[in-house]
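Novice: Questions regarding the structure given below will be posed in turn.
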Amino acid sequence: MTFQPKVGSLKERFSALRTLRPFIAMVWRASPALMATSLLMRLVRALIPVAALFIGKLIIDDVVQLVQMPERPTTLEGWLASGHLNWLATLLGAEFALAVLSDVLIRIVSLVDGLLSEMVTNSSSVRLMEHAASLDLEDFEDAEFQDQLERARRQTSGRLTLMALLLAQAQALVTVATFAAGLLLYAPWLIVLLLVALLPVFLGEQHFNARSYSLDFGRTPERRELDYVRQTAASVETAKEVKIFGLNRWLIDHYRRLADSFYAANRRLALKRAGWGSLFAAIGTVGYYLAYAYIVWRTLGGVFSIGDLTFLAGSFARLRGLLEQLLTTFSTMAAQALYLNDLFSFFDMRPEILSPANARPFPKPIREGFVFEDVGFIYPGAERWAVRHLSFTLKAGEVVALVGENGAGKTTLVKLLTRLYDPDEGRILLDGHDLREYDLDQLRGSMGVIFQDFVRYNFTARDNIAVGRVSAQHDQARIERAARSSQADEVIAGLAAGYDQRIGKRFKNGVELSGGEWQKIAIARAYMREAEVLILDEPTAALDARAEFEVFQRFKELSRGKTAVLISHRFSSVRMADRIFVLADGKLEAAGTHEELVAKPGLYSELFELQAAGYR
């Protein structure tokens, strides 16, 4: 696999710096006190180098002057008695104090930055999860969105270096200004020479940072595949099949091919960067030594004192290092800002399925029911309609079963009913009003849904049920009532720690359940909601026929007075529904009771006979 990164123009790269403003605001919101403390400490640190260097110049000049005294003391006692060392002692004490202060500030800044980084990581991660929760299901089912989400997720912790760079850049700017002010008094043109000499280093770093980002951006899908292969090769969920089918070597080889291609691309870029970087650094060194030779020459000519030579040489060396740091750091910040763009462009995404202004409250109880009026829906990027021309009524308090072959549109219908999607054609009415007019949170909160691919949370048994209504997570009576309704109480009774037992093997002391036991726990979540609408979308596939019949029998009893939808391939279960809708190729083929549908030719009677034949 060969990566061909596309690098944008210089203008495009620097336009990414606009993301620094919201990033700084994000850091400030995380902890104004810590950020203000860091800035203040760095400001003080920024002034110390030039102050220490200037004091060093004064010390050298004073020592030279003392050495050149015609009648200087020859003993320590004589020097102390003469008082000539008082000023020198003061300067040495000041330099010592600055050194101690610098060491203390370094540790304070490191402490504050570490705490601030952790707070930024936490707050940005929370913000990402909150924003992701607001987006549509359609987004999550799109591969490009998954790439964007992966890039954004990495920026919640991967951009902590940018925060440190920003703060260090502010500190360095103050130090540069103080050194530059000192040099301007002696030889202002040296600063111009230094900037010209360092410009190639800056442009080189900027170019290779941009190429590095472009390379990283382009391989996001492969990086997700790499993570997926690594997880598949070593996880509890896949361990059985990997061992039985002997997939270890195949997965390892697949991982190695991807990893080797990444390494090769990074190696090529790193070699080019090192080569050109060495050349550009050499140009900067030439500029520095030209300036250094000039300072020495002026000192020999008597224009500068020995102290001036020390101060200028030290200032120039420090200024060169600081300017090189500023320019390369600025280039790095521009590259980091490109990554930040991934995060903030994710935050700029907006859902299409929202509550309208002045939304209607969800009716409690439902009086009339749901009406599908010529409803059609096609998944993004799909070539054929998932469902089309659906027209039927789901009456309030009615138990309806959906039957059909795989791909007939049963789960799609449930997604439309719960507004995980909106129809592309037609509309769905609830008590005479378009479903889109209702408050979205109330609508979904009034529906208890368990899909066939329900989530197995590696939490305690209590929390696994409580996720059905997290606002009632401390209501033990409600949790136990939901468990009894789904027969999950029998499963929990067999656990060592009961409701406090962690289930799933991901964490220590976790206990794995059978597929049927997991399903009973999952079904309890629907009852935990105590919702107006109950929907079971083939959640009982791992149950035996008797257990499924008991679950659905209980489901009908407990849903009395509620509107309910159940999906199952077992006709012994769906026959208890008030009405059965038969879906075929996204359309409603027939509707009626079990007896009515069996009595006439059609898909339902055909499937019923096929299933019944298996028991004869």
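The values are calculated or read from the model by the stated rules, or taken from the named source; none is laboratory data. Bear in mind that the values here come from a model prediction, so they are computed numbers and not experimental data. Counting neighbours? That spans all protein chains shown, and the Cβs are built from the backbone with ideal geometry, glycine included.
Novice: So is His207 modelled with pLDDT of 70 or more, more than 30 Å from Arg298 (Cα to Cα) and surrounded by 14 or more Cβ atoms within 10 Å (Cβ to Cβ) or not?
Specialist: Criteria not met by His207.
Novice: Hey, another quick one. Modelled with pLDDT of 80 or more, hydroxyl-bearing (Ser, Thr, Tyr) and in the same structural domain as Arg318 (by TED's automatic domain parsing): does that describe Ser157?
Specialist: No; evaluated as a whole, the condition is false for this residue.
Novice: Cβ-Cβ under 7 Å, sequence separation 6+ or interchain: first residue in region 45-60 and surrounded by fewer than 18 Cβ atoms within 10 Å (Cβ to Cβ) and polar (S, T, N, Q), partner assigned to a helix (DSSP H, G or I) and modelled with pLDDT of 85 or more. Which pairs?
Specialist: Taking only residues 6 or more apart or on different chains, not a single pair turns up.
Novice: Something else now. Six or more apart or on different chains, Cβ under 9 Å: which pairs go from a residue in region 329-357 that's closer than 30 Å to Leu417 by Cβ and of a type in the set (Ser, Thr, Tyr) to one that's at pLDDT 85 or above and assigned to a loop (DSSP other than H, G, I, E, B)? Could you list them?
Specialist: Listed pairs, sorted by first residue: Ser355/Asp439.
Novice: Going by the structure shown, is Val375 under 20 Å from His569 (Cα atoms), surrounded by 16 or more Cβ atoms within 10 Å (Cβ to Cβ) and at pLDDT 90 or above?
Specialist: For Val375, the condition - under 20 Å from His569 (Cα atoms), surrounded by 16 or more Cβ atoms within 10 Å (Cβ to Cβ) and at pLDDT 90 or above - is not met.
Novice: Also: Do you know which residues across region 116-136 are assigned to a helix (DSSP H, G or I) and charged (D, E, K, R)?
Specialist: Of everything in region 116-136, those that are assigned to a helix (DSSP H, G or I) and charged (D, E, K, R) turn out to be Glu118, Arg127, Glu130.
Novice: Hey, does region 83-106 have a residue that's of a type in the set (Val, Ile, Thr), modelled with pLDDT of 75 or more, surrounded by 14 or more Cβ atoms within 10 Å (Cβ to Cβ) and in contact with a helix residue (DSSP H, G or I) (Cβ under 9 Å, 6 or more places away or on another chain)?
Specialist: no
Novice: I'd like to check something: does region 403-410 contain any residue that is surrounded by 15 or more Cβ atoms within 10 Å (Cβ to Cβ), over 29 Å from Ala133 (Cα atoms) and of a type outside the set (D, E, K, R)?
Specialist: Yes: region 403-410 contains one or more residues that are surrounded by 15 or more Cβ atoms within 10 Å (Cβ to Cβ), over 29 Å from Ala133 (Cα atoms) and of a type outside the set (D, E, K, R).
Novice: Show the residue pairs that are 6+ apart or on different chains and have beta-carbon atoms under 7 Å apart, the first residue being within region 389-400 and farther than 19 Å from Ala584 by Cβ, the second being polar (S, T, N, Q) and not in a strand (DSSP E or B).
Specialist: Val399/Ser559
Novice: Considering (1) farther than 21 Å from Glu368 by Cα; (2) in contact (Cβ under 8 Å) with a residue 12 or more places away in the chain; (3) crowded, with 16+ Cβ neighbours inside 10 Å, say which one Gln553 fails and leave the rest.
Specialist: Among (1) farther than 21 Å from Glu368 by Cα; (2) in contact (Cβ under 8 Å) with a residue 12 or more places away in the chain; (3) crowded, with 16+ Cβ neighbours inside 10 Å, the lone unmet condition for Gln553 is (3).
Novice: Kindly check whether there is at least one residue in region 421-430 that is without any contact (Cβ under 8 Å) to a residue 12 or more places away in the chain, assigned to a loop (DSSP other than H, G, I, E, B) and in the same structural domain as Gln553 (by TED's automatic domain parsing).
Specialist: The answer is no; no qualifying residue exists.
Novice: Hey, another quick one. Consider region 379-400. How many of its residues are hydroxyl-bearing (Ser, Thr, Tyr) and outside any loop (DSSP other than H, G, I, E, B)?
Specialist: Total meeting the criteria: 2.
Novice: Just for region 455-467: of the residues that are more than 25 Å from the chain's Cα centre (by Cα) and assigned to a helix (DSSP H, G or I), which one is surrounded by the most Cβ atoms within 10 Å (Cβ to Cβ)?
Specialist: Filtering first and then ranking leaves Ile465.
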